[in-house]
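Student: Sharing a structure with you now.
The values are calculated or read from the model by the stated rules, or taken from the named source; none is laboratory data. What you are looking at is a predicted structure, and each value in this text was computed from that prediction instead of being measured. Cβ sites come from the backbone with ideal geometry, for glycine too, and all protein chains shown count toward neighbours.
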Amino acid sequence: MPMKTIFKDLRTGRQGILVCLLIAVPSHFLGRLFPVIGGPVIAIVAGMLISLVWKDHGVCAPGIRFTGKKVLQWAVVLLGFGLNLSVVLQTGAQSLPIILCTISVSLVIAYALHRVLKVPGVISTLVGVGSSICGGSAIAATASVIDADDEAVAQAISVIFLFNVLAAIIFPYLGQALGFSMVSGDGFGLFAGTAVNDTSSVTACAATWDSMFGLGSATLDKAVTVKLTRTLAIIPITLALAFLRTRGQKDVGRKISLRKIFPFFILWFIAASVATTLCTALGVPESSFALFKSLSKFLIILAMAAIGLNTDLVKLVKTGGKPILMGACCWIGIILVSLIMIPR
């Protein structure tokens, strides 16, 4: 998007952006106090609750739409600065086969249930990708590629959130019952990194395991690195979805513009990842990119506030049963594959 257009959208949408900021800032701090829930979920829920009494957004509508779409893409681009490809590759040799299998199983389950339960294709895609890759970040990237509406994004985020909370509570005790090593963080760290949806719950599970058995940060380091390896799957998945969307529009004889459909923000995401890798290889400390990662997390919270404001909560509750069942099946499939493949 040209800078001139961006500045114009910022000017015309300033009221709506300000409203989203007023929701996002407290949500950010509450998310730090309650990391298992996280700022994005707090923001989207707050937005949905506000939308119950504030249905006509008036002059704020353009800014809210801009925040829910474009700001979300900016957040994904900045997320790339959190990925050092060289560090990810070190763990990838061990975790990649497991990650590929869990992603494949989740996507196959989502597709099968989409056909059987008649769940809308957009929601099925978001739930399948969110379950298998990296929760909210994957949903954010995919939503922009397939042009998902705010209600679909809210539905998928809600499903992922439910199973994130369950994982954070249950997984440390499940791991103990299943006999994961209590003197090394490798096994449970690999399990948490591959079987838990979102980064917040991955870190919560791993940190709990470390504290339970006095392992310092061994489990946390392992789990987060595996999670970063999973995050890389955003790139091929979103590019494949963009290709399928383009081909589908050609099939129905519509004149399309690849420039409008292709998710160029994903290319910027890749560029950010490569820049981080090259800079750290040249001796630049990874802490230098902390600001970009923090800004990315805040922009996701900001976008979730906008999506919440544009969501019909009553309709969301009425139609939530099938997506939750789909999310549960995807999650169980991922857990079973992880347990089969990970040595304990």
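Student: What are the residues in the stretch 291-344 that are of a type in the set (K, R), surrounded by fewer than 15 Cβ atoms within 10 Å (Cβ to Cβ) and assigned to a helix (DSSP H, G or I), if any?
Tutor: Selection gives K315, K318.
The rows are residues; the columns are (1) at pLDDT 85 or above; (2) under 30 Å from V53 (Cα atoms).
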position	(1), (2)
T231	no, no
I266	no, no
I270	no, no
K293	no, no
F298	yes, yes
I307	no, yes
I324	yes, yes
C330	yes, no
V337	yes, no
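Student: Further question: Does F191 fit the bill of being part of a loop (DSSP other than H, G, I, E, B) and crowded, with 24+ Cβ neighbours inside 10 Å?
Tutor: On the way: part of a loop (DSSP other than H, G, I, E, B): no; crowded, with 24+ Cβ neighbours inside 10 Å: yes.
No.
Student: Restricted to the stretch 1-58, and to residues that are among the hydrophobic types (A, V, I, L, M, F, W, C) and outside any helix (DSSP H, G or I), which residue is modelled with the lowest pLDDT?
Tutor: My answer is M1.
Student: Oh, and also: Checking V153 against (1) over 14 Å from the mean Cα position of the chain (by Cα); (2) surrounded by 17 or more Cβ atoms within 10 Å (Cβ to Cβ), which single condition isn't satisfied?
Tutor: The failed condition is (1).
Student: Of all the helices (runs of 4 or more DSSP H) wholly in the stretch 67-168, which have at least 1 residues that are of a type in the set (F, W, Y)?
Tutor: The qualifying helices (runs of 4 or more DSSP H) are 72-79, 85-117.
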